Amino acid sequence: MTFEDVLIEPVLSEMATELREQNKYTFIVRSDASKIQIKEAVRKLFNVKVVDCTTVNVNGKVKRLRGRPGKTSSYKKAIVKLAPGETIKVFEGA
């Protein structure tokens, strides 16, 4: 598994935007990725110093489509805290 495979996509929600003010960035990651792999991937891909990594397994919700029951996909979310003064330019729009 390469560093590009660990991070699937950044999360650009309202909660993630508020966390950026605390120097925390949110990503959807592979479900089998460990915290150490996530830290290394962010460090190598964005050239920043990672202080902490928190992971959350988000379970899929039960939904209905045309009267039939179904379920949305489950995924793993990582919240990465960077060292003071560090930023990721992708989130800043540059």
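No value in this document is a laboratory result; all are computed from the given coordinates. If you're wondering where the values come from, they're calculated on a predicted model, not measured in any experiment.
Convert each backbone phi in region 16-30 into a coupling constant with the Karplus relation 6.51 cos²θ - 1.76 cosθ + 1.60 (shift: θ = phi - 60°), then list the ³J(HN,Hα) values in order as whole Hz, x for Gly and Pro.
5, 5, 5, 5, 4, 5, 9, 6, 10, 10, 10, 9, 8, 10, 5
Rounded to the nearest Å, what's the spacing between the alpha carbon centres of region 4-62 and region 70-94? Just the number, please.
Centre-to-centre (Cα) distance: 4 Å.
Using alpha carbons only, how many degrees (0 to 90, rounded to 10) separate the axis of helix 35-46 from the longest principal axis of the chain?
With rounding to tens, the tilt is 60 degrees.
In sequence order, what are the phi-derived ³J(HN,Hα) couplings for region 78-92 according to the Karplus relation 6.51 cos²θ - 1.76 cosθ + 1.60 with θ = phi - 60°, rounded to whole Hz, with x for glycine and proline?
Ordered by residue, 3J(HN,Hα) equals 10, 10, 10, 9, 9, 5, x, x, 8, 9, 10, 5, 4, 6, 7 Hz.
If you project the alpha carbons of the chain onto the principal axes, what extent comes out on each, in Å, largest first?
Largest first, the chain extends 50, 29, 22 Å along its Cα principal axes.
Taking Cα pairs under 8 Å and at least six residues apart, what relative contact order does the chain come out at, in percent?
On the way: 149 pairs, mean separation 28.9, N = 94.
This gives 31 percent for the chain.
Between their Cα atoms, which of K35/K63; K39/K61; K24/K61; K24/K76; K39/K71; K24/K77 are more than 24 Å away from each other? Write down the numbers at each step before the final one.
On the way: K35/K63 30 Å; K39/K61 28 Å; K24/K61 26 Å; K24/K76 16 Å; K39/K71 30 Å; K24/K77 13 Å.
Among K35/K63; K39/K61; K24/K61; K24/K76; K39/K71; K24/K77, the Cα-Cα distance tops 24 Å for K35/K63; K39/K61; K24/K61; K39/K71.
Comparing V58, V50, V11, which has the greatest mean-square fluctuation in the GNM of the chain with Cα pairs linked when under 10 Å apart?
Maximum fluctuation in the GNM of the chain, among the listed residues, is at V58.
Take the chain, connect every pair of alpha-carbon atoms lying under 10 Å apart with a spring to form a Gaussian network, then pick out the residue of V51, V62, V42 with the largest mean-square fluctuation.
In the Gaussian network model the winner is V62.
Let me have the 222 nm mean residue ellipticity of the chain computed from DSSP H runs of 4+ only, each contributing -39500 (n - 2.57), with the sum over all residues rounded to the nearest 500.
Numbers: 4 runs with 27 residues, N = 94.
Roughly -7000 deg cm²/dmol at 222 nm, from the helical runs in the chain.
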